[in-house]
Ligand SMILES: [Zn+2]
Ligand SMILES: [Zn+2]
């Protein structure tokens, strides 16, 4: 058995947008926890947001290690753990919740009522995360990986889990449907691919960047629409004979996107909101109500959809590999985030390798 070092290298948040590589004590797993040796941890816009301005319940500066999208191997077991063994290859989900509030008790743990309190845990948000050589996970947030899924791809699995949670929330059944995805960010690109894998009649991907739209065209979108060149509403209405789309996945977070989504939706159609508008947006409730349209939201990768994500990836029906465009060692984490945020070299998802 490999010995666990007393200290480890970790990226610690020392102040707003101030990540520093430090040597810190290696954490020890509690009874229901495992210690994971992190192979890959992906940069996410949530990291960018919480490094700028702390989230509710975030550990204080100097104590907090971000990173919630990671994969690796089990390095040590808590005393009651017989679900895993040392050396197992695993992926994780960020949210554990509190396991005791009304929402958590019925499986809605990403909407935990104790979010941000001491009872609650979301790795990389309200507890330490994966931008470190080792990290602690409750076993309820750990999933075994088939050997043929590599760690870089597996580190993106919470994104797929989030999209699957969204699709499950809107009914899960898109075979034969016209599905529009607005915003070719990681969640949008994955949504287009999932819609196609689930049998959508036609998948449309709307965006502003040709490079991102090209990635989408290679991974599931039947028709990409660059808003600088074409009018998306006109195209969707024409393609659906004036009826509108069955499902619109809003993944851009743009202020006018929810209204665009409503306009391109057929009566009884659904909107899945994955993008986060950071200010109040205008919504035409008359159109929603009179045409029986509905808007659904999801927070995180709920209802154990990471398990479904592992299965889908394992079967080869969905791939996340095309979205892992760059990787950096932990020492270069600042460069990794710069590449991610500025989309340098066509970056989609950027992973950090803490043990390389
Ligand atoms: Zn994330
Ligand atoms: Zn809870």
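So here's what we get for this one:
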read-out	value
Every residue from the range 109-126 that is more than 15 Å from ligand 1 (Cβ to nearest atom) and under 22 Å from residue 70 (Cα atoms)	109, 111, 112, 115, 116, 120, 121
Positions within the range 20-46 being part of a strand (DSSP E or B) and within 16 Å of ligand 1 (Cβ to nearest atom), in sequence order	38, 40, 41, 42
Conditions (1) in a loop (DSSP other than H, G, I, E, B); (2) surrounded by fewer than 22 Cβ atoms within 10 Å (Cβ to Cβ); (3) more than 16 Å from ligand 2 (Cβ to nearest atom): number failed by residue 114	(3)
Residue check for residue 32: farther than 15 Å from residue 127 by Cα, surrounded by 15 or more Cβ atoms within 10 Å (Cβ to Cβ) and within 16 Å of ligand 2 (Cβ to nearest atom)	yes
Conditions (1) under 26 Å from residue 347 (Cα atoms); (2) touching a strand residue (DSSP E or B) at 6+ places or on another chain (Cβ under 7 Å); (3) free of Cβ contacts under 8 Å to residues at least 60 places away in the same chain: number failed by residue 72	(3)
Single unsatisfied condition, residue 106 versus (1) out of contact with any helix residue (DSSP H, G or I) (no Cβ under 8 Å at 6 or more places or on another chain); (2) touching a residue at least 12 places away in the same chain (Cβ under 8 Å); (3) within 16 Å of ligand 2 (Cβ to nearest atom)	(2)
Residue identified as without any contact (Cβ under 8 Å) to a residue 24 or more places away in the chain, under 15 Å from residue 301 (Cα atoms) and touching a helix residue (DSSP H, G or I) at 6+ places or on another chain (Cβ under 9 Å) among 98, 112	112
Any hit, the range 57-73, residues being surrounded by fewer than 21 Cβ atoms within 10 Å (Cβ to Cβ) and in a helix (DSSP H, G or I)	no
Options 91, 49; residue that is within 16 Å of ligand 1 (Cβ to nearest atom) and assigned to a strand (DSSP E or B)	91
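Any read-out appearing in this document is the output of simple, stated calculations on the displayed coordinates, not a laboratory observation. Note that the structure is predicted; figures quoted are calculated from it, not measured. When we count neighbours, we look across all protein chains shown, and the Cβ atoms used for this are built from the backbone with ideal geometry, even at glycine.
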